[in-house]
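Report on one structure; see the data block that follows.
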Amino acid sequence: MSVISVRELNLYYGKQQALHHIHLDVEPHSITALIGPSGCGKSTFLRTLNRMNDYVPHTRITGTVKVFGEDIYGPNVDVERLRKNIGMVFQQPNPFPKSIYDNIAYGPRLHGITDRVTLDEIVENSLRAAALWDEVKDVLKKPAYGLSGGQQQRLCIARALAVQPQILLMDEPTSALDPISTAKIEELLLTLKGTYTIVIVTHNMQQAARISDKTAFFLNGELVEYDATPVIFQHPNDKRTEDYITGRFG
């Protein structure tokens, strides 16, 4: 069974249609990469998966987006619970102006966890899962802004993991990072997919080829092609996919 199932998805910003008739299924414990040129709709699509587009005025959606079989745009959906279950990591590391510890504990506290022993355990487990614990375990009370860019991004991943989501959405999480930090994040994602289902927007096609199980190519708000990553990169069915991957445009 698919974790995410999208059917006939259309999205409008006012009168402008940004997504056209998207059909896509995401399998559990996999990494799905969304690629395509700037403005093609991949980040807009990503934000439909946890209703982040709700914050954009005059947005209208038709079609269905089902997560674990539930239509997330249905009338009785608890959006707060949905976003707890579907974590989000953004392009720029965005730690809160708090300590490393309080960044991780923020979500669990928001959801009613106040016991110090439990919070300590969540903080350690989340930082371990994000491959950051050994680097910060002795400085948990120090400001998160003191960390390097790559460490800040792993902190943001740990913060997302602290509320125990089942799905992680990532919008170009390594585009602001150096190659060494990027490699650490990629290695981390390959580990995390054993526990989570990951959907990642990336401009870096080498990254998509390295870490994803499936790749979706977007162009002008349309899903041109979606298949196993080796197929997309080695034997694409659509000439537009081939032209983009080989650098003829984009």
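The table below gives the values:
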{"quantity": "Loop sites in segment 1-73: trypsin sites (Lys or Arg not before Pro), DSSP, at most 16 other Cβ within 10 Å", "calculated": "Lys15"}
{"quantity": "Alpha-carbon centroid distance for the pair segment 115-181 / segment 38-66, whole angstrom", "calculated": "26 Å"}
{"quantity": "Sparsely packed chymotrypsin sites (Phe, Trp or Tyr not before Pro) within segment 37-68, loop by DSSP, other Cβ within 10 Å at most 15", "calculated": "Phe68"}
{"quantity": "Descending semi-axes in Å of segment 2-123, equivalent ellipsoid built from Cα gyration tensor", "calculated": "30, 17, 15"}
{"quantity": "Cα-based reach from Lys184 at 19 Å (exclusive), listing lysines while leaving out same-chain residues under 8 positions away", "calculated": "Lys137, Lys193"}
{"quantity": "Sorted by Cβ neighbour density within 10 Å, fewest at the top, the residues His29, His203", "calculated": "His29, His203"}
{"quantity": "Reachable aspartates and glutamates from Lys98, criterion Cα separation under 18 angstrom, eight or more residues apart if same chain", "calculated": "Asp120, Glu124, Glu135, Asp138"}
{"quantity": "The chain - share of DSSP beta bridges that are antiparallel (%, nearest 5)", "calculated": "55 percent"}
{"quantity": "Proxy reagent accessibility, fewest Cβ within 10 Å first, across Val117, Val199, Val163", "calculated": "Val117, Val163, Val199"}
{"quantity": "Paramagnetic reach from Thr191 in segment 137-161 [backbone N under 19 Å; point 7 Å along Cα→Cβ]", "calculated": "137-140, 148-161"}
{"quantity": "Axial C-alpha extent at least 30 Å, average Kyte-Doolittle at least 1.0 - helices from the chain (DSSP)", "calculated": "none"}
{"quantity": "Label zone at Ser175, where the point sits 7 Å out along the Cα-to-Cβ direction: segment 71-110 residues whose backbone N lies under 20 Å", "calculated": "87-95"}
{"quantity": "Over the chain: helical MRE at 222 nm, DSSP H runs n ≥ 4 each giving -39500 (n - 2.57), nearest 500", "calculated": "-10000 deg cm²/dmol"}
{"quantity": "Filtered trypsin sites (Lys or Arg not before Pro), segment 163-250: DSSP coil and at most 13 other beta carbons within 10 Å", "calculated": "Arg248"}
{"quantity": "Only Lys, Arg (+1) and Asp, Glu (-1) charged, at Cβ; the chain dipole about Cα centre in debye", "calculated": "500 debye"}
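Since every read-out is calculated from the coordinates, none of them should be taken as a lab result. For clarity, every value in this text was computed on a predicted model and none was experimentally measured. When we count neighbours, we look across all protein chains shown, and the Cβ atoms used for this are built from the backbone with ideal geometry, even at glycine.
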